[in-house]
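To start, the structure itself, in structure tokens.
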Amino acid sequence: MKYWGYFAAKLIAIAALLSAVWPVFRMVLPAPQPFLYEHLEQMGHDLWYTALVYGFWLAAAGLVYLAVLDQKYRCRTCLRRLRMPIARGSWSRLLTGRPHTEYICPYGHGTLKVPELHLTGKEPNDWAEHQDIWTELELLDTHRR
Ligand SMILES: [Zn+2]
């Protein structure tokens, strides 16, 4: 819930920023000139206005893309950025050990596997939550005995 709440907060912040910037752009642009005593729609007839709308839309899409990309590489538990990417698998063992990159939370909450090979379309990232580190160490110790 915290993970998706943070993502929603980022989207709301982007929407607030864009809705604050858009009126400023509208004020900066000069008023449209009448053409043959008729006021035409600005979009598609005024070059600067049309270019501004397209640039604004591109910036908005870029901000949403950056928010999604940032969210993808965050810990699902503590929301910290995942670190220490390590290449795993091999291109020569496609059936048993596909190549992928693993990222871990610096506080040990989990591991994110990002596949490098997409055979049947876009394969989803695999988030594996870790248990408590002391529990895992005790399990290792009991398996040795
Ligand atoms: Zn974490």
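Just so you know, all these numbers are worked out from the coordinates, no wet-lab data involved. Only a predicted model underlies this, so the values are computations on that prediction, with no experimental measurement involved. In this analysis, Cβ positions are derived from the backbone assuming ideal geometry, glycine residues included, and neighbour counts consider all displayed protein chains.
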Extension gain, residue 139 back to residue 122 (0.36 nm per residue minus Cα-Cα distance, nm): 2.6 nm
Helix 2-28 axis, angle to the chain major axis (alpha carbon atoms, nearest 10°): 20 degrees
Efficiency of FRET between residue 22 and residue 72 - r from beta-carbon atoms, R0 25 angstrom, step 0.05: 0.35
Calculated [θ] (222 nm, deg cm²/dmol) that DSSP helices of n ≥ 4 give over the chain, each run adding -39,500 (n - 2.57): -15500 deg cm²/dmol
Amide proton proximity set for residue 127, modelled H, under 5 Å, gap of 5+: 113
Computed magnitude of the charge dipole of the chain (debye, nearest 20; Cβ of K, R +1, Cβ of D, E -1): 520 debye
Mean shadow area of segment 96-145, taken as a quarter of the surface of its Cα convex hull (nm²): 4.8 nm²
Mean separation of Cα contacts under 8 Å, 6 or more apart, over the residue count of the chain: relative contact order %: 14 percent
Computed over the chain, Kirkwood Rh from alpha-carbon pairs, angstrom: 19.8 Å
Calculated FRET value between residue 15 and residue 58, using beta carbons and R₀ = 22 Å, to 0.05: 0.85
